[in-house]
Every structure is written in C-alpha cells, then in structure tokens.
Amino acid sequence: TRPVIAKAMYDFIVPTDGSLIDAFAAAEKRSDKTKRFRIFIMKGKYTLEGNNTSNTKTCTVDDKAYATFTDPTTYLKTPNVSIIGEDMMETVITNKVPNQFKPDGGNIAEGIGQGDVLSLQSGATGTYMQNFTIKSAMGDAKGRDIELNDQSNKTVLKDMCLWGYQDTYVSNNNKSRFYFEGG
C-alpha cells in the first residue's frame, strides 16, 4: 500500500539552529526514531570536521606507518532522516581533511573509509537527501576522495551533486536498495 504523506515543518534548520553535526546529534537523540526527522540546510558552504574525533587513523606506505590523523568523516547512524538543501549548487557540504601528503603526492586521508565526507552507517535506514552538493576538500587528482560512503539501506538521493575525483559514491552493503533521481 502507498504510504500517506503528511506535510510537516523542519525539525532543524542549518545554520539557524546550529551546525549539521548538531542536526545529526539531535536526530540521534530523538525518542521516536520511527518518525522522520527533517533537516533543512540554507544556502552556503558548510565544512564538516567529523563527529568521531576520538577515532584516529594511520596512513601506511610500504607497510610502514607514515602518519596518524583524526578521522575527518562525519557519520549518520540514525534512521528516517531527511536532509534537504535550499539550492543544489549553492548549498555545499565539504569536509576538512589533513593537509598532509604521502611521498607519492596523494593526501594521507586518500582511500575508501579514510577521508570520506559523509558515511551513512547501517542504522541510517531510510535516509533521504535532496538539493545540495557534497564535495571533498581533498581536491581533484589526489586519489579516492569519497563523498558518500553508504552502508545503509533504502537511501534516496534526489537532485544531488556528488563532486569528487574518484570513487565519489560507494555502496558498502550488497543487500541494500538505493534510488537516484536527477542531479
């Protein structure tokens, strides 16, 4: 049966109510996770610095530890979250990656799961994203700079721009369903 759609106001507006990290924290703290949590992002450029700062990662070169850095990825772990931007090209989410390079010229955060902008964890079922850009701060030609690492299920992306050099979108759950429209 077709679900009944009811109009609703946004639960959190970025930047009026706080940062996108604050919005994700509010979504995780809500008591009823079966109801949709709606986040609206106003036009602007927003830099995510990661929300798991206790996690460090180590870059290795030729099986030797080269550099250690704080995890720059921002994680969404809760279900039924809608993230809607005001304008696809003028609402831009990026990350902050270490400005340190390997001997081959690649960034130390290069690689799947290393310096991703946003990671939807397995608990983030039913995530809906619309009308904004996700762009890695790593820059072009620096290797794998994942914008969206999707380990969840039932993800919908509508009129989105994922701007990256290589491996822009990664689906890390072979039993999941994903839907893309426009963008």
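The values are calculated or read from the model by the stated rules, or taken from the named source; none is laboratory data. These numbers come from a predicted model, not from an experiment. Here Cβ is always computed from backbone atoms with ideal geometry, including for glycine, and neighbour counts include all displayed protein chains. Only protein heavy atoms, including side chains, enter the accessible area calculation; ligands, DNA and RNA are left aside. Shrake-Rupley method; radii C 1.70, N 1.55, O 1.52, S 1.80 Å.
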Residue list for the range 10-26, restricted to those being closer than 22 Å to Met88 by Cβ and open to solvent by 60 Å² or more (accessible area, probe 1.4 Å): Tyr10, Asp11, Pro15, Thr16, Asp17
Identify the residue in the range 146-163 that is open to solvent by less than 30 Å² (accessible area, probe 1.4 Å) and within 22 Å of Gly111 (Cα to Cα) and, among all such residues, is modelled with the lowest pLDDT. Ile146
List pairs: first residue in the range 99-110 and open to solvent by 10 Å² or more (accessible area, probe 1.4 Å), second residue of a type in the set (S, T, N, Q) anywhere in the structure, Cβ distance under 7 angstrom, at least six positions apart or on different chains. Phe101/Asn107
Flagged in the range 80-116 as modelled with pLDDT under 95 and of a type in the set (A, V, I, L, M, F, W, C), in numbering order, are Val97, Phe101, Ile108, Ala109, Ile112
Any residue that is over 17 Å from Thr73 (Cβ atoms) and buried (at least 19 other Cβ atoms within 10 Å of the Cβ) - is there at least one of those in the range 169-183? no
Suppose we filter the range 48-85 for residues that are open to solvent by less than 80 Å² (accessible area, probe 1.4 Å) and either in contact with a strand residue (DSSP E or B) (Cβ under 7 Å, 6 or more places away or on another chain) or in a strand (DSSP E or B) (or both); how many remain? 23
Do we find that Ser119 is crowded, with 20+ Cβ neighbours inside 10 Å and under 11 Å from the mean Cα position of the chain (by Cα) in this structure? yes
Applying the selection to the range 112-123, what residues are within 11 Å of Asn149 (Cβ to Cβ) and among the small types (Gly, Ala, Ser)? Gly113, Gly115, Ser119
Only one of these is open to solvent by 70 Å² or more (accessible area, probe 1.4 Å) and within 23 Å of Tyr169 (Cβ to Cβ): Lys35, Lys29, Lys45. Name it. Lys45
Would you call Ser122 modelled with pLDDT of 80 or more and within 14 Å of Tyr75 (Cα to Cα)? yes
Taking the range 132-183, which residues are among the aliphatic types (A, V, I, L, M) and either under 16 Å from the mean Cα position of the chain (by Cα) or part of a strand (DSSP E or B) (or both)? Ile134, Ala137, Met138, Ile146, Leu148, Val156, Leu157, Met160, Leu162, Val170
Write out, first by first residue and then by second, each pair whose Cβ atoms fall under 9 Å of each other, whose residues are 6+ apart or on separate chains, and whose first residue, in the range 154-170, is within 20 Å of Thr125 (Cα to Cα) and in contact (Cβ under 8 Å) with a residue 24 or more places away in the chain while the second is of a type in the set (Lys, Arg) and surrounded by fewer than 19 Cβ atoms within 10 Å (Cβ to Cβ). Lys154/Arg177; Thr155/Arg177
